[in-house]
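Below: the structure, in structure tokens.
The values are calculated or read from the model by the stated rules, or taken from the named source; none is laboratory data. Everything numeric in this text was worked out from a predicted model, so none of it was measured. Don't worry about glycine lacking a Cβ; one is built from the backbone with ideal geometry, like all the others, and counts go over all protein chains shown.
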Amino acid sequence: MKQEIILKSGWIKVDKEELDKLRQKIREKYESEGGNKKFNAHLPNYEELREIIINKLKELEEEQNIDIKIQDLPEYDIVPGNTFFRNLLYTNKEAKSLQFQEYNIDICYLFTHSKKRFDQKRFEKKLLEDFTVYKPPQTNYLNVIISSTLNNMSEAEKVSLSLKDKFNINVETEIRNSQTFSKGSLFELYNNLESNELVFILISRDFLQNENCLRELIDLKKSHPDLYLSHTFHILLKDIYEGDFNIFDSLGRSELLKYWKLRIEKLEKNHKLLISDKKEKEFYKKLRTEFDEIKKIIEELHDLLDFIRENQHKVYYEILLNKINNYDEFTPLLPKHTKLHIISSSLELTYKRIKIPSTNNPGKPEFPPEPFYTPRFPASETRKINIPGFSNVWLKDESTNPTGTHKDRMAWEVVIKYKSLIESMKYKNQDSLPQMSIISSGSAAIAIQHLFSLFKIPTRLKVLVDKNLNNGIKESIKQIGCELYIADLSERLLTSDDIKEMTENQNGIDITYREVLDPTHDNYYDWMSYEILREKPEFCFVPFGTGDLFINVLNIVKIEYFNSFVSKHDPRFFSDVNTLKKCSFLGASTNLPNTRLDKLFSSFLPSLDSFKKYIIELKEEYFANERLNSKIIKNIDSQHRKN
């Protein structure tokens, strides 16, 4: 039997602080559902908000098996009208307090928190009572371990003296990249902490460029996030919030990533030298281990930097030493005893629905994704076709994928990314998922939004298309649920920030430019690459649009060539290295805007020079004494221009 939520009529007065929080939550929830209006004086701008609220309340009623009604008004439209929202979100936004019908405010709370106002405020009060900040009864109750690198010992010592002198705190120090002066592994350190002990980690350029420090921090954050969150306080040194390695700036983050890429390149050069010297297998195994560890660091670096930047339990080094002078100013900065953030039941269902059977077990493939399809390996067939003048030509037929293109595979990786984003919400005070933007000519956008809809990921892909794109494709992009933005993409090369701005997604994520050249980022088309290589071709022709697939195939070739020296191939590798070394890989592209091969043309290919450099290095350095042939052919349709 359904339960009823009865909303009261009558006027209530709400102060500005509470209203501002509610306005922010309404905006976040609205945008997460794909809303993009600027709330101003025009009443029609609030129609979409009302429609989204209606749909979310229907979902809430279904999920919780309830009926939402207004007291004494059984036939009344429970969602407030446009005038109410204009008053709340625009006209009286700066008023110190406002009076509203109580049921209108309750509807807003049900939309944003899935609870009525009274229930939500009682819930928040309970949280404050149960999970308070560290407030020790005595100033010497708190024990602190200051963790730094060897090169930051002087800064650690100054912090230690400051904590002892100002706050009478018990302090120990440890050096994370020193076996002699560290307190074991990072997990061992944290696992032995008492409830009144915290670890103050000095985050610096030296720390973020130290393999041992980063690897252990990444492992602890992923495997024991609650332990890490409840006992960690970050102290940021100047060299990571100013200058070339500023983690709050995209260029600074790129410089850090570049450092680790150069480490990979150095390892590859060492590998080349080992091959020429014909070293023992143990040398290759050691190099392989180091390669895998740095690969893991690069894959996780952006998420870790995001976590450090967004974590409220941090302080700048200079501020801690010079601006914080008493215990009452200091303790609110420290970690709280908090439980995991509770995400909505619909997001929890989405999280559970996204299942990854394995990352590389051909007996448990991940694509096409269950429960909507039956995963298989190979996921698509390779069939023989007739080409005049040739007798043995085979086609990798990706038309059997959910939306008929190989972009479905990339779309699945985007869904996996959202699974990790939902997981991260449990450790942040965040109620909505970031939106994604992409430049697309149709295939990628449709594939991604198709899976968004299937898995009920509460967002709409923001798609930027060229003004000359076929109108039918534009309409298909809109009909499947994407937000469409149109521009002249031939005018200039757009950065990720440009794309996010043009798609009204400044705080979201751009997935147009992926680190496909990075030898560690091989997971967008890794399963497909292994499917291609298992056919043991002599010539392999790959369409080259963005270049993702072509470069990924070469990445897998290189990885398996590397693996051949330690006799440990990926389980999906059903070919042999000697056959691959004889194969010619050709990327087919065009620079003709009026091409029939419209999915291969782009006014700008920002990574093309890097692609070419990578291919040259692959042949000259990695396969120095082998016959690997790979190149990009342009204007393959020069004889087939449209009239």
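Numbers at a glance
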| read-out | value |
| --- | --- |
| Qualifying residue in segment 122-133 (condition: at pLDDT 70 or above, within 32 Å of the chain's Cα centre (by Cα) and not assigned by TED's automatic domain parsing to the domain that holds SER160) | yes |
| Leading residue by the ranking (farthest from CYS213 (Cα to Cα)) among those in segment 228-265 that are in contact with an Asp or Glu (Cβ under 7 Å, 6 or more places away or on another chain) and of a type in the set (A, V, I, L, M, F, W, C) | PHE245 |
| Single match in PRO365, PRO335, PRO402, PRO378 (criterion: closer than 30 Å to LEU198 by Cα, surrounded by 13 or more Cβ atoms within 10 Å (Cβ to Cβ) and not basic (Lys, Arg)) | PRO335 |
| Residue ID - modelled with the lowest pLDDT, chosen from residues in segment 421-467 that are of a type in the set (Ser, Thr, Tyr) and closer than 27 Å to HIS224 by Cβ | TYR427 |
| Whichever residue in segment 253-292 is at pLDDT 75 or above and β-branched (Val, Ile, Thr) and, among such residues, is surrounded by the most Cβ atoms within 10 Å (Cβ to Cβ) | ILE264 |
| In segment 218-233, the residues that are within 22 Å of the chain's Cα centre (by Cα), farther than 28 Å from THR289 by Cα and surrounded by 15 or more Cβ atoms within 10 Å (Cβ to Cβ) | LEU229 |
| Residue in segment 343-354 that is within 26 Å of PRO543 (Cα to Cα) and in a loop (DSSP other than H, G, I, E, B) present | no |
| Extreme residue, nearest to LEU305 (Cα to Cα), among residues of segment 192-214 that are of a type in the set (D, E, K, R) and crowded, with 16+ Cβ neighbours inside 10 Å | ARG205 |
| Index of the failed condition, LEU494 passing every other in (1) among the hydrophobic types (A, V, I, L, M, F, W, C); (2) more than 30 Å from LEU60 (Cβ to Cβ); (3) under 21 Å from the mean Cα position of the chain (by Cα); (4) not in a loop (DSSP other than H, G, I, E, B) | (4) |
| Filter pass, LYS352 being free of Cβ contacts under 8 Å to residues at least 12 places away in the same chain, outside the structural domain of LYS221 (by TED's automatic domain parsing) and more than 20 Å from the chain's Cα centre (by Cα) | no |
| Subset tally (residues that are more than 18 Å from ALA379 (Cα to Cα) and either in the same structural domain as SER230 (by TED's automatic domain parsing) or not hydrophobic (A, V, I, L, M, F, W, C) (or both)) for segment 396-442 | 19 |
| Failed criterion for SER358 (all others in (1) under 23 Å from GLN479 (Cα atoms); (2) loosely packed, with under 15 Cβ neighbours inside 10 Å hold) | (1) |
| Matching option when the condition is touching a residue at least 60 places away in the same chain (Cβ under 8 Å) and more than 25 Å from ARG263 (Cβ to Cβ), among LEU202, LEU189, LEU198 | LEU198 |
| Number of positions in segment 165-194 that are assigned to a helix (DSSP H, G or I) and either under 22 Å from GLU216 (Cα atoms) or modelled with pLDDT of 90 or more (or both) | 6 |
| Any hit, segment 139-162, residues being within 26 Å of PHE39 (Cα to Cα) and either at pLDDT below 90 or not assigned by TED's automatic domain parsing to the domain that holds LEU7 (or both) | no |
